[in-house]
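What follows is one structure encoded as structure tokens, with my remarks underneath.
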Amino acid sequence: MACEPHVNPGGVAGPLPTSLSGWSSLPAAGSTPSWGPELHNGQVLTVLRVDNTCAPISFDLAAAEEQLQAWGIQIPADQYRSLAESALLEPQVRRYIIYNSRPMRLAFAVVFYVVVWANIYSTSQMFALGHHWAGVLLVTLVAVSLTLTLVLIFERHQKKANMNTDLRLAAANRALLRHRVLLGVTDTVEGCQSVIQLWFIYFDLENCAQFLSEHVQEMKMSHESLLRSRLSQVCVVMETGVSPTMMVEGSEDLLEEAPLLPGRPHPKERAVTQTELHQLVPEAEPEEMAQQLLAVFGGYYIRLLVTSQLPSTAGTRHTDSPTVPCPCQLIEAQVLGTGCCPFLTR
């Protein structure tokens, strides 16, 4: 049987989670939304879903364009289609999403508990505690404590920006900023199938860009070393091919032109590569750096927003909810802030 994307008719997801209180339901394809121009920051425009268990797959972006047009948003497909699909649907990225899904982490935690319990129990036999009920209870409590610690580490890990998923949407979000749309990706499990969800969220980032531009300018004037230190963490490791250098005549490091064992075949030549750090937010004008910060961390913000993992705040700048921070608040606190804990995860 052919493997097809797991989507509803029209290519969009079903009803949105009820935990996203205050968010309007999606309009039917081709209908005119009752809100019209009254879209607010954080409004869900549409969600695309595909199974992550079959290949090849692709998002039904044509259905998303129809939904966006229903909201009055016109986005040329060539501005983001290839960027979004190439960022999320490469085989290595899809495998990473499966291995880092919640069911996989739960399965790992169960295996971890069994292994820890068995090892502690077998060790306790050396001290004549293994057959006593108090010894078994102590072993169980220790194994449960260690497993809960592991689960908490996993949960904290999920609240960090992920270079393998969130930051891969930077190019697509950079193209969509002018259209007041941000993309984010989440994963879920339905039955025994892993599902990738691509979220289209409305967000007017003009005020956020203005605030970040002023904040970056202020940091350049008074805390330039801190700014460079924080932005130096926002980088990726890239491998590039290197052409073999030409041998210089008369050099002391000349290689022998003839092999030591002429009768043996030449080994297969291996490609020469070099690794280098590529900074995602390079030094530039404050306005340009602000735009790049919003593009790079836009996917991270959307993932936390739709999964209700954004930290609560006493007030907000550019969202309707009084407790949900806007992107510039999250970037100011977790990216440009003075905290020493890393906020990125591989």
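The values are calculated or read from the model by the stated rules, or taken from the named source; none is laboratory data. Bear in mind the structure is a predicted one, so any value in this text is a computation, not a measurement. All Cβ positions, even for glycine, are placed from backbone atoms using ideal geometry, and neighbour counts span all protein chains on display.
Listing for the model above:
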item: Filter result for A175 (of a type in the set (A, V, I, L, M, F, W, C), surrounded by fewer than 21 Cβ atoms within 10 Å (Cβ to Cβ) and either out of contact with any Leu (no Cβ under 8 Å at 6 or more places or on another chain) or closer than 29 Å to L39 by Cα (or both)); result: yes
item: Identity of the residue in the range 152-163, surrounded by 14 or more Cβ atoms within 10 Å (Cβ to Cβ) and not small (G, A, S), that ends up farthest from F297 (Cα to Cα); result: F154
item: Sole residue being among the charged types (D, E, K, R) and modelled with pLDDT of 90 or more, chosen from E214, E224, E239; result: E214
item: Flag for L260 being at pLDDT below 85, out of contact with any Pro (no Cβ under 6 Å at 6 or more places or on another chain) and either surrounded by 10 or more Cβ atoms within 10 Å (Cβ to Cβ) or of a type in the set (A, V, I, L, M, F, W, C) (or both); result: yes
item: Residue within the range 86-96 that is in contact with an Asp or Glu (Cβ under 6 Å, 6 or more places away or on another chain) and either of a type in the set (D, E, K, R) or part of a helix (DSSP H, G or I) (or both) present; result: no
item: Any hit, the range 71-84, residues being surrounded by 18 or more Cβ atoms within 10 Å (Cβ to Cβ), assigned to a loop (DSSP other than H, G, I, E, B), touching a strand residue (DSSP E or B) at 6+ places or on another chain (Cβ under 6 Å) and not small (G, A, S); result: yes
item: Every residue from the range 98-149 that is modelled with pLDDT under 90 and within 26 Å of R303 (Cβ to Cβ); result: I98, Y99, N100, S101, R102, P103, M104, R105, L106, A107
item: Matching residues, the range 271-288, being part of a helix (DSSP H, G or I) and either surrounded by 23 or more Cβ atoms within 10 Å (Cβ to Cβ) or free of Cβ contacts under 8 Å to residues at least 24 places away in the same chain (or both); result: E288
item: Any hit, the range 292-312, residues being under 24 Å from I196 (Cα atoms), in a loop (DSSP other than H, G, I, E, B) and among the small types (G, A, S); result: yes
item: Answer from A118, A143, A70, A134 - the residue that is without any contact (Cβ under 8 Å) to a residue 60 or more places away in the chain, among the aliphatic types (A, V, I, L, M) and in contact with a Pro (Cβ under 9 Å, 6 or more places away or on another chain); result: A70
item: Residues satisfying the stated conditions in the range 199-229, i.e. within 21 Å of L304 (Cα to Cα) and acidic (D, E); result: D204, E206
item: The range 178-208, residues that are part of a helix (DSSP H, G or I) and buried (at least 19 other Cβ atoms within 10 Å of the Cβ); result: C208
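Here's the yes/no breakdown for (1) of a type outside the set (G, A, S); (2) surrounded by fewer than 14 Cβ atoms within 10 Å (Cβ to Cβ); (3) under 29 Å from T188 (Cβ atoms):
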residue	(1), (2), (3)
I98	yes, no, yes
V111	yes, yes, yes
V114	yes, yes, yes
N119	yes, yes, no
S122	no, yes, no
G135	no, no, no
T140	yes, no, no
L150	yes, no, yes
